[in-house]
Structures are given as C-alpha cells and as structure tokens.
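Read the figures in this text as sums done on the coordinates, not as results from a lab. Source: prediction; values computed, not measured. Note that we place each Cβ from the backbone using ideal geometry, even for glycine, and neighbour counts take in every protein chain shown.
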Amino acid sequence: MNMADVGMVILLALIFIYAMTGSIDFGAGFWAMVYLRDENAQAAVVANRYLSPLWEVTNVFLVLFAVALVGIFPKAALVYGNLLLLPGSLILICLTLRTVMMVYAHVVNRFRRALRIVSGITGILIPALLVNVFPLSNGGFITMTSGDWQINFHTFVGSWNVYHFVLLGLFSELFISAVFLSDYARLSGDQEAFLQYRKHALWLGPITIVFAILIPFTLPVHALWMGNSIQMQKWWFIFSGILFLLMMYFLITSTLNKMRNMRLAAIALALQYLFALWAYGKAHYPYLLYPILTVQNSFTDPTMFKNVMIVLIIGIALLLPGFVWFWRLFLSRRAFFESE
Amino acid sequence: MDQALMARVLFGLTLAFHIIFASLGVGLPFMIMIAELLHLIKKDNDYLIMASRWTKGFTVLLAVGITTGTTVALQLSLLWPKFMHLVGQVIALPFLIEIFAFFLEALFMSIYVYASHRIPSPWKMVSVAMVALGAALSAILITDANAFMNTPQGFQMINGNAIHIRPWQAFFNPSFPIKLFHVLVTAYMTVAFITASIAAFGLWKNKHSHSAIIKHQQKALVVSLIIATMFSLLAAFSGDGSGKFIAAYQPEKLAAGEGLFKSQMYAPFVYGGWPSGLQEKIVGGLQVPGLLSFLATGKFNGLVKGLYEYPRDTWPPLYIHFTFDAMITIGSLLLALGVFALALSYLRNRQKKHLPRWMLLVLIFAGPLSMAAIECGWVYAEVGRQPWIVYHVMRTQNAVTSASYMGLVFVLFILLFFLLAVGTIVVIRGHFKRHPLAEEFAITTTKAEKEGWQP
Ligand code: HDD
Ligand code: HEM
Ligand code: HEM
C-alpha cells in the first residue's frame, strides 16, 4: 500500500463512521415523526432521547470528512466542489434547518411538533441527497463544457440506477437506525419501544438486502466498468451477506427473554456494512470519479500528507479521554439510570 | 450579476452571519467561566445564576454557530473549488486541527450543559474552561487560514501548480500572530459589551423591580464592563499593531482604506470624507498631517506607500475607507465609554447610588456597536484584499466554481439566513420572557436548574 492508498482507507473509515452515526441520527428523526400523533409513544421518546446528544458528534464527522478530502485529495475536492453546488447547498440548508429546529424545540416546548416534522422530513432528504454521490462517482453523468466539468442533471434525474442507489440508501438508513434504537431501548429497559423497533428492523432488513443484490443489475447501464469490478469482489460481498444472515438470526432470536441478542445483531450489522463498504471501495478503486479522478492523480503533496497524518493521530489521542467521558456520561447503561 | 460576484456576495453574507454567532461562541464561554470562577471565590449565588442564564442563551447561539459554520466550511469547497485546491495542498493543517478544537468544545459543552448536575463541581469548572479553550482555539485556527490568504508563504507557484510545499511555514505565516491577537481580543470585548448591554437594559426597563434583582444586574453590569474595558484597550493596541503590519505587508489595503494615492512621508490621516476614484483623493473629511505615517511606521516622517505604486486593476475598492473609519471610531468611543461608565459607577457606588438612567441608555447600545465594529473590520480586511483571494497569488475571479444554478442557491440561502435570524431572536426572547430573572430568586436551592433532555 502506498501513501495515497492509506489516505483512501482513512476516507473510507470516515465514510463508514458518518454512514453509521448519520443513519442513526437521521433515522431517529424519521421515527420520531412516524410516531408524531401518539405523543407518548415510547418509541418516539427513545428516538428523541438518542437524538439530543448525538447530532453534534455526527455534524463534526461531516466537517471532518470534507476537510480530510480537501487535505488528502485536493484535486478531488476541486472537481467535486465544482460539480456539487446545487445538491451540496440543498444538503446544507436541510442540515441547518434540522439542527436549529432541534435546539429551538429544546428551549421552547411549543416547537416540539414542528421539530418532529422538520427533522423527520430532513432526516429523509439529507441521506437521499448524500447518496447521490455514489452513482455520480461511477461516471456517465458528467460532461466537459468550455474547460469545466458539469453534471448533466437531465440524464442524472432520468437514471434508474440513481433511484436504485437512493432507495438502497434510505432503506439502509431506516434499517440501521431501527436496530440501534431497539438496542438502545433495551438498555433503558423499555420493552414497548424495543419490540416496536425490532418489528421494523425485521421487515426492513430483507428489503435492503434485495436492493443491494439488485444494484449490479442496474449499474452497467451507466457504468459498465463498475458492474464488472463488482463481480471481481464477489467474495467480499458474499462475506458481507453471511454477516447479514447472522444479523437476521440474532434479530429474530432477540425476544423479550433474550433481549441481549439485539446487541449482537447491532454488532453484526455494523460489520456487515463495513465489509460491504470495503468491497464496494475495492471495486471502485482506483477511481474517485470515473474516469477523471484516481486515488493517485488527486493525491496531495507527500509532506502535507505526513503532517495531516500526524495531526490526525495526535488529535484523536488527545480527544480520546474526553470521548470516553462523554460516552460514560450519556450513552452507557449507568448514565441512563442516573439521568432518570 | 456574474458568477464570481454572486459567489462573493453569497459567501460574504454567510460569513458576516456566521461571525456574529462565532464571536458570541468565543466570548460567552469565557464570560461563563469568569462567572463560575467568581462564584467559587466569592461564594455568591448571583454569579451562579449569571452563569446559568448565559449558558442557556449560549446553547441556542452555539447551535446556530455550528450550523452556519458547517455551511461556511462546505461552501468554501462549493463556491471556491480552485482556491480549496490550493488550500488542500498548502494550508490544510489549520482546518484539520480546527476540527479537533470544535470537538473539544462540543464534547465539553454537552458535559457542562447536560451533565453538570452529575459531575463534581471542580470538574464543572474544568469543562467550562475546556469549552472556552476550544472556542478560542477554533477562532485562532480559522484566523490562521485567513492570515494565510493575506500573507501566503510556504510554497512556490510554478505554472499554476503549487510545489516545494512546507506546511508549517504556511501555518506560521507573518500575519498570523497579530491577526489572531486582534480577532480574539475583539471577540472578548464584544461579548462583554453585549452582556453589559443586556444588564443595562434590564436595569433601565425594570426600575421598580425588587432589590435582589437590581443587585444582581448591577453585578453583571460591573463585571461585564470591567472585562469589556480591559479588552477595549487591548483591541486598540492590537489594532494599531495590525495597521503597522498591513503597512508593511499589504500596503494597497492601507492605502485604499486611507485614500492615499501618492506615496509620501508625513502622510495625513483622513477621518471621514468621501473617497473619490475620479478625483483620486478623499473629498472632505478631517485631515491630520503626519498621523498616518506615525500610525503606519511609528515615525511622522515615515514613508507610506500609495495606490499609484500598483497597477490600477489590483486596487481594492475604495469604499473600505468607511468600514475602516467605522471600526476605529467605534473602538475609540467604546474604550472611552467603558472607562467613563466604570468611573461613574465607582463614584456613585460610594454615595450608595446607582448609575443614572441616561448612562444605562447609552450602555444599551455598546454591545450592538461592538458587533458592528467586528463586521466593519472584516469587510475592511476581506474586501481590502481584493481582487486577490490569495494575496498576489490567485485572483478571486479565477477561483470561483463553474457550476450552474448559482442564482437559485443564492436565493435559498438568503431565505435561510432570514429565517434563522428571526427564529433565533424569537426563541431567545421567548425563553427569557417566560423565565424572568425574578423566577431565579424564587427558587431557594442553590443548585442550577436541572436540564432535562428532550421529551
Ligand atoms: C470590536 C471590534 C473591533 C474594534 C473595536 C477594532 N477592530 Fe480592527 N478588526 C476587527 C475588529 C475590531 C476584526 C473584525 O476582528 C478584524 C477583521 C479582520 C481581522 O483580522 O480582525 C479587524 C481588522 C483590522 C485591521 C486589518 C487587519 C488585516 O487586514 O490583516 C486593521 C488595520 C485594524 N483592524 C485596526 C484597528 C484599529 C486601529 C482599531 C482602533 C481602535 C481597531 N482595529 C478596533
Ligand atoms: C468571519 C469573519 C469574516 C467575514 C465577515 C468575512 C467577510 C468576507 C466578505 C465580505 C467577503 C467578500 C469580499 C469581496 O468579494 O469583496 C469575503 C471573501 C472571502 N473570505 Fe472572508 N470573511 C471572514 C473571515 C474569513 C475567513 C476566516 C476566511 C478563511 C478561512 C475567509 C475566506 C474568504 C474567502 C475564500 C473569500 C472569497 C474570495 C474573495 O472574495 O476574496 N474569510 N469574506
Ligand atoms: C474568523 C472568523 C471565524 C471565527 C472566529 C469562527 C469561529 C467559530 C466558532 C467559535 C465556532 C463554534 C461554534 C460557536 O461556538 O458558535 C464555529 C463553528 C464553525 N465554524 Fe467558524 N469561525 C470563523 C469563520 C469560519 C470559516 C471561514 C469557516 C470555514 C472554514 C468556519 C467553519 C466553521 C465550522 C465548520 C463550524 C462548526 C463546527 C462544528 O461542527 O462543530 N468558520 N466557528
């Protein structure tokens, strides 16, 4: 592995972390809206309780991703930045509305209903917009006009493959958040919410896997190369599929008298997505944006990269104690009982 | 409007909006820390109440600061991709380190706000100090990125490519120290004046309220004024330093700010007036011969460079003269006001009397004025760098995105900022209306209000 590849692995790790925390965060917003009419539904209570300390952390990872992209692959930041003005701005606007509503509602009770609606809708819109980067990066939607790259919005909006990715992203979001919220409900000893989210996870899981299996079929229309290289990584994908089956097993067996299995399901789920992302990343390699950007040709200056690595490592090492404290105060079982 | 102009206005507006919340975000935790400290030392509950009320306002403002900041960070790549290309190669470090500063701030903020009743009280002090430190660090680091734009170094541009990159040399560029000092000091000064304004407003409005409340607000006013005045003095010093610095490193900016066309010794300082590009001088205004030379170089006969030294198409817009004047005027006035109000309050206190109502009325305007000075200062610094996005390296015109739909994005953001401004004011006012100060005194327990989580 050369330096650029190390950079790519870091970026993938950040994508994975953001995908997980973002799914839980945005998904929780969505579930809180689903239970809008039933003010006291335990499921909504759990969703909201998870939300409040989480959004700041998720947000920081988004910014960290953007900054890491600029620092490690500046040319990719150049090309993507040049393309994404409209979708990027829409994401920012949704994100701002959502965060601000969250805090407004925290201060003014009257806004709580509005908050649930705003964070529910944006909880769907933001991931749907974010996921578009996947099909975009496979090439086929970009044209060069007068020396600058432009998205061909017309073909983009008319592509089945794009919707396919969006649906896979959305169902994954809801699925991941359902499993994690169910586990969180278990921690707080809330049986009603536990069962509710478990029920949702049970039907969402199979749907996501169906969409995932169908991806290679619609992919070749715009990105034949990607269709082929996915075939080459099939063992990684199969491994991820096995983890999915394992996850379903734990999910099904996590009944009220064996609630702890939900934790195992959550772990298997995270691993399943980790391997799927790894496989997808390997298939996509070496392109960051087919066919113009590769990992090598967008890589930053080596001195800069070394310094970026040093700063990352020192920063994480320094913040780790703070993180541990944060976790113990807010997300651990003990914290939960103390705050009651 | 062409693409670059629209992008400039949009980005300028976003930053002008963000800086309000960012400055509050830097200064408020500092004030909260002071209040907590005073509570520890004097064992006076008033300071605890102060800290808890400031914290409540801070939580809302912080969220708006974080979201607008996120917007700024990503907008940089969306509006100025070609600039970010260079940033990524040369000056990525402050942006990256800044994330950790944010993390520090966000983590300890959550701990301070949501868990303060669960941790021992020395740790409470530690966590609020960490919040203040994180906020100051993030301001310092972002200011560094901006300092680099003004005095870039640590690389060579050959055929539009940056080579021979030395990241730490770029990091410690010449304008970094003076700039961070001025930015930090003015943020503390502004927030202290704002808390002073709020206390003054409270005293001015409720003249018949009960005496514990008046005492409380008096204390808040005096603490705020002391801090504000101290930092005003530092602001003037650091501002003077900034002036000398740009005279040496960005002479166009100073020349445009002062409407100086010909290079000269004994250069005059012009206050007010109307900079005219046609007549190539400032029409009207108050001229003080030699003062500009003195401010820029420390000597009355020092040579100050004029605009004629530079090609006309690299002159900054001349209107920055107004924002420069406004900043300096506000700075000097506020310093004088702070000293005067403190002296008056000391004298009155000896006679067991309160500040007169006209004084309170004047003080109400101090906070907003100080914030206006920050805005003016930034417009001066940023517009004064034009037409360069990176001084003498890259032109703003050449850094802008070529993406379509700029107009639509522009309108959407304007709407968003409008909504945010209205929403934030309504929410904060609403909260303090429903929880007036008097309520705090009705509660006899010393414990700060327990913050519950959402429903
Ligand atoms: C409360 C706010 C405030 C006050 C009272 C002052 N300033 Fe200031 N000034 C700022 C807030 C500010 C700022 C917003 O923080 C700026 C914008 C960019 C920067 O680095 O700091 C700034 C920039 C700035 C610059 C340009 C620096 C550059 O472009 O690198 C100069 C020359 C001065 N200031 C000079 C002064 C002087 C002589 C003052 C006399 C009292 C003064 N400032 C008061
Ligand atoms: C928060 C306080 C700031 C304010 C109020 C502010 C204000 C502005 C304004 C008004 C402009 C438009 C100037 C023009 O086009 O005539 C501008 C441009 C710009 N500023 Fe700042 N700025 C601030 C801080 C920063 C910082 C810290 C950075 C760097 C990290 C920065 C980067 C830029 C860039 C990239 C542009 C666009 C290119 C240009 O017009 O030169 N700004 N800013
Ligand atoms: C000198 C001008 C600026 C200052 C002093 C400043 C300071 C701050 C501070 C203190 C915060 C934390 C939120 C708060 O406390 O209110 C913040 C948020 C933020 N700022 Fe700014 N900022 C400035 C300009 C910029 C610019 C130009 C960028 C873009 C690179 C930026 C990016 C951000 C981001 C990304 C956040 C949110 C971080 C998070 O997710 O926690 N800021 N800023």
Vicinal HN-Hα couplings computed from phi for the stretch B:181-189 (Karplus, 6.51 cos²θ - 1.76 cosθ + 1.60; Hz; Gly/Pro x): 4, 5, 5, 5, 4, 5, 5, 5, 4
GNM top mover of A:Ile121, A:Ile252, A:Ile213 - chain A, alpha-carbon springs below 10 Å: A:Ile213
The protein assembly as shown - convex hull of the alpha-carbon atoms, volume per residue in Å³: 164
Net length gained if the chain between A:Ile267 and A:Tyr163 were fully extended (0.36 nm per residue, minus Cα distance): 34.6 nm
Residues whose placed amide H lies under 5 Å from that of B:Ala267, excluding near-sequence neighbours: B:Gly290, B:Ser293, B:Val304
Pairwise centroid distance, computed over Cα atoms, of the stretch B:335-407 with the stretch B:46-91, Å: 18
Top of A:Val179, A:Val60, A:Val162 by mean-square fluctuation, Gaussian network on chain A, Cα under 10 Å: A:Val60
Square roots of five times the Cα gyration tensor eigenvalues for the stretch A:200-301, Å: 33, 16, 10
Under Karplus coefficients 6.51, -1.76 and 1.60, residue-wise ³J(HN,Hα) of the stretch B:221-229 in Hz, glycine/proline x: 5, 5, 4, 4, 5, 4, 5, 4, 5
Quarter of Cα convex hull surface for the stretch B:185-255, i.e. mean projection, nm²: 5.5
Cα-based Rg of chain A normalised by 2.2 N^0.38 Å, two decimals: 1.02
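For the stretch B:246-353, which trypsin sites (Lys or Arg not before Pro) are in a loop by DSSP, counting at most 16 other Cβ atoms within 10 Å?
Those satisfying the criteria are B:Lys262, B:Lys299, B:Lys352, B:Lys353.
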Residues whose placed amide H lies under 5 Å from that of B:Trp388, excluding near-sequence neighbours: B:Thr396
Summed residue charge, Cβ within 13 Å of B:Val87's Cβ, Lys/Arg positive, Asp/Glu negative: -1
Proximal charge balance of B:Gly285 [Cβ under 12 Å; K/R count +1, D/E count -1]: -1
Kirkwood-type radius of the stretch B:196-339, with distances r between different C-alpha atoms, in Å: 17.3
C-alpha long axis of helix B:121-150 to longest principal axis of chain B, angle in °: 10
Spin-label model distance (nm) - A:Arg37 vs B:Leu5, 7 Å beyond Cα toward Cβ: 5.3
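For a Förster distance of 35 Å, can you work out the FRET efficiency between the beta-carbons of B:Tyr266 and B:Leu233, rounded to the nearest 0.05?
Between B:Tyr266 and B:Leu233 the formula returns 0.80.
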Cα centroid separation, the stretch B:126-204 to the stretch B:238-269 (Å): 22
Charged-residue dipole, Cβ positions (Lys, Arg, Asp, Glu), the stretch A:3-300 about Cα centre, Debye nearest 20: 500
Residues with amide H under 5 Å from that of A:Ile142, placed H, sequence gap 5 or more: A:Asn152
Kyte-Doolittle mean at least 1.6 and Cα axial length at least 27 Å: DSSP H helices in chain A: A:3-34, A:85-107, A:234-253, A:302-330
Set of lysines near B:Lys244 by C-alpha distance (under 19 Å), chain-local residues within fewer than 8 positions excluded: B:Lys179, B:Lys253, B:Lys262, B:Lys299, B:Lys305
D_trans [Stokes-Einstein, Kirkwood Rh over alpha-carbon pairs] for chain B, 25 °C, 0.890 mPa s, µm² s⁻¹: 103
FRET E, pair A:Arg113, A:Leu320, Förster distance 45 Å, beta-carbon r, rounded to 0.05: 0.70
Local electrostatic count, A:Ala266, Cβ distance below 10 Å [Lys/Arg +1, Asp/Glu -1]: +1
